[in-house]
Amino acid sequence: MSVGERETLAAGAIATDARRRSVPRFSPLLAALLAICVMLSIGIAGSWSTAGIGEDEGLLLEYPQLIIHGEVPFRDFQSSYGPGTYLPLVAAYEALGPSVTVERAVGAAYRAGVILAIAALLAPLGAAVTLCGGSLAVVGILGDEPPTAFGWYAALACALWAIWLARSALRRGSTGANWRWAGAGLLIGAAASVRPDLGVAALPAALVLVAGAVRRGRLSFAGGFAVGLAPLGWNVAAAGVSAFWTYYVDARLHQQPEAGVPLSSEPALLCVLVGGAAIVLIAAVGQWRRLGAGPMTRGWLALGVLGVLLLPQFLQREDLTHFAFVAPVILGLLPWAVNSARKLSALERVAIPVICALVVGFHAIRAAIGLSYPVSHGGRSFASPTSAERDELQAVIRYADRHTTPGQRIFVGPRDLRWALWDDTSLYYLLPALRPSGFYLELGPGDNNATFTARISSQIERADVLVLQTISAGTRRAIYPYAQTGSDLPNAIVARYFRIGLQIAPYTVLLRKSEQARPPAAAR
């Protein structure tokens with residue numbers, strides 16, 4: 001073969017190799033990630049149109065609008081969550097307008113953030129473990145709710161991505177890692193601004209990784225953490241330390257003993273979470289002892305600690321919604337825990353994703369065939385679970401609309417105000433021409449102390465229309481078995497200053513008897 005022929009063949013081989021390199025090769029990890037995303041999309045799509053909880057989803061529709069109009073949580077209205085819960089919704093409503101569709105799109109993004117973070121943390125272990133863990137995490141996050149924009153999922157996504165960034169910073173050493181440490185700190189601070197209770201769990205977990213950083217990395221983490229806490233700091237400064245302590249810290253401490261259901265009311269779910277958290281933590285400690293304190297072992301221990309510290313969120317209320325708050329982390333890490341002791345078998349690598357896909361499909365079909373009945377008013381809508389509830393709520397809204405003028409004040413609460421357990425905040429969203437009459441837009445078990453009684457009484461006195469909902473004793477005992485009655489003063493004020501305008505079970509609409517009956521303080 002001549003030199004020219006050899007050169008021609010060599011050039012051809014180089015061109016062929018270049019063409020092969022230009023064609024993307026099949027990536028099992030990318031395929032696993034795609035399968036996880038498809039499963040999550042099916043689960044969310046199936047439950048998208050189902051009815052939400054009037055109080056929980058209603059406050060996520062109403063509170064961001066109050067902030068847009070200049071009101072401040074804990075100063076102008078009570079809140080069970082940090083200000084970071086509402087800020088993404090503020091931005092979304094400013095851009096697209098307030099609606100259930102926009103709110104649920106934000107909630108879907110939160111859930112995607114959680115699942116993708118778990119997949120990213122598992123990715124170094126390969127496609128099989130990532131697919132198994134991601135599939136279990138998707139099953140865990142389904143719950144029994146539509147994709148409501150609960151701030152918990154936003155905070156959880158921040159915490160998980162912070163751990164991923166911190167682990168990445170440790171793996172890269174000190175060179176070029178400072179921005180990763182700053183990003184990790186920023187995300188942990190943001191998690192605390194969204195849900196301070198989750199921040200309390202996320203910070204110790206992150207510190208497992210921060211302990212392995214050089215001094216400059218620790219300073220970068222601290223600086224990022226301070227920036228992430230800025231929304232919470234702003235809220236405390238604007239509302240005042242005393243108001244924040246009274247209406248967030250003290251209120252939550254006061255409510256916890258009276259909320260929830262007896263421990264072990266859901267023994268199967270309890271065993272899954274507690275047993276799973278123990279397995280993950282034991283596996284993380286065992287790997288640390290075998291391999292030493294490297295970036296990966298620190299990362300697994302941080303996740304194990306996080307899983308244990310998340311458990312109180314389920315223990316305070318043992319239902320599928322709170323199970324879904326905790327389960328993605330614990331279930332998602334179980335394949336890693338098993339794989340660290342022994343390699344997942346070929347059967348397990350196939351069976352786990354297949355079973356998870358079937359569970360997701362069943363969940364989506366069941367949710368999709370469940371009927372929902374939207375209540376509509378003024379271009380806004382909110383779904384009710386039954387046609388009867390839809391008709392009742394629609395009648396209430398029509399009546400309130402006919403007997404009020406824009407700018408008047410409305411109060412929504414239970415018919416018996418000694419039991420400050422729950423109220424349908426979606427009514428505030430559905431009646432945007434009316435202003436909330438005061439501080440307490442949401443109520444919860446434990447809201448029966450002297451501070452609450454004084455403020456809610458003044459709030460009722462200022463109102464022009466009341467929408468009160470009867471809560472049966474059986475429902476009350478089933479959901480809040482430890483709740484106690486409070487003062488009868490709010491009921492006495494209702495009887496003195498208001499008359500019944502409409503009764504349609506379970507709602508009663510009351511109108512003010514006359515302007516002369518309005519107390520002087522309320523008139524001002």
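The values are calculated or read from the model by the stated rules, or taken from the named source; none is laboratory data. Every value quoted in this text rests on a predicted model; they were computed, and no experiment measured them. Neighbour counts run over all protein chains shown; Cβ positions are idealised from the backbone, glycine included.
For the stretch 108-120, state whether one or more residues are basic (K, R), out of contact with any Phe, Trp or Tyr (no Cβ under 7 Å at 6 or more places or on another chain) and under 22 Å from A201 (Cα atoms). No, the stretch 108-120 contains no residue that is basic (K, R), out of contact with any Phe, Trp or Tyr (no Cβ under 7 Å at 6 or more places or on another chain) and under 22 Å from A201 (Cα atoms).
Within the stretch 448-493, can you find the residues that are in contact with a Ser or Thr (Cβ under 8 Å, 6 or more places away or on another chain) and part of a loop (DSSP other than H, G, I, E, B)? Of everything in the stretch 448-493, those that are in contact with a Ser or Thr (Cβ under 8 Å, 6 or more places away or on another chain) and part of a loop (DSSP other than H, G, I, E, B) turn out to be N448, A463, D464, T470, G486, S487. Checked against (1) modelled with pLDDT of 95 or more; (2) touching an Asp or Glu at 6+ places or on another chain (Cβ under 7 Å), Y480 passes all but condition (1). Candidates are the residues of the stretch 267-287 that are surrounded by fewer than 18 Cβ atoms within 10 Å (Cβ to Cβ) and not aliphatic (A, V, I, L, M); the one that is nearest to W164 (Cα to Cα) is G286. Take the stretch 433-476 and flag every residue that is under 20 Å from D56 (Cα atoms) and charged (D, E, K, R). Passing the criteria: R435, E442, D447, R476. Selection over the stretch 64-80 of residues that are buried (at least 18 other Cβ atoms within 10 Å of the Cβ) and touching a strand residue (DSSP E or B) at 6+ places or on another chain (Cβ under 8 Å) gives a count of 4. Residues that are of a type outside the set (A, V, I, L, M) and surrounded by 24 or more Cβ atoms within 10 Å (Cβ to Cβ) were ranked within the stretch 397-423; the one that is farthest from P490 (Cα to Cα) is D423. Can we say V208 is under 17 Å from W164 (Cβ atoms), among the hydrophobic types (A, V, I, L, M, F, W, C) and in contact with a Pro (Cβ under 9 Å, 6 or more places away or on another chain)? For V208, the condition - under 17 Å from W164 (Cβ atoms), among the hydrophobic types (A, V, I, L, M, F, W, C) and in contact with a Pro (Cβ under 9 Å, 6 or more places away or on another chain) - is not met. Criterion first (loosely packed, with under 15 Cβ neighbours inside 10 Å, assigned to a helix (DSSP H, G or I) and at pLDDT 95 or above) does P257 satisfy it? So P257 does not fit the description; no. Among the residues of the stretch 73-93, is there at least one that is hydrophobic (A, V, I, L, M, F, W, C), part of a loop (DSSP other than H, G, I, E, B) and touching a residue at least 40 places away in the same chain (Cβ under 8 Å)? The answer is yes, given that some residue of the stretch 73-93 is hydrophobic (A, V, I, L, M, F, W, C), part of a loop (DSSP other than H, G, I, E, B) and touching a residue at least 40 places away in the same chain (Cβ under 8 Å). Do you know which residues across the stretch 38-62 are assigned to a helix (DSSP H, G or I) and either aliphatic (A, V, I, L, M) or not assigned by TED's automatic domain parsing to the domain that holds F150 (or both)? Listed by number, the residues that qualify are V38, M39, L40, I42, I44, A45, L59, L60, L61.
Here is a yes/no grid of residues against (1) in contact (Cβ under 8 Å) with a residue 60 or more places away in the chain; (2) of a type in the set (A, V, I, L, M); (3) touching a Phe, Trp or Tyr at 6+ places or on another chain (Cβ under 9 Å); (4) within 21 Å of P257 (Cβ to Cβ):
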| site | (1), (2), (3), (4) |
| --- | --- |
| Q287 | no, no, yes, no |
| V305 | yes, yes, no, no |
| L309 | yes, yes, no, yes |
| H322 | no, no, yes, yes |
| L333 | yes, yes, yes, no |
| W336 | yes, no, yes, no |
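Among the residues of the stretch 370-427, the ones that are among the aromatic types (F, W, Y) and part of a loop (DSSP other than H, G, I, E, B) come to 2 in all.
Checked against (1) among the polar types (S, T, N, Q); (2) at pLDDT 50 or above; (3) surrounded by fewer than 14 Cβ atoms within 10 Å (Cβ to Cβ), S22 meets all criteria but (2).
Considering only residues in the stretch 461-510 that are under 20 Å from A388 (Cβ atoms) and more than 34 Å from the chain's Cα centre (by Cα), the one that is surrounded by the fewest Cβ atoms within 10 Å (Cβ to Cβ) turns out to be Q503.
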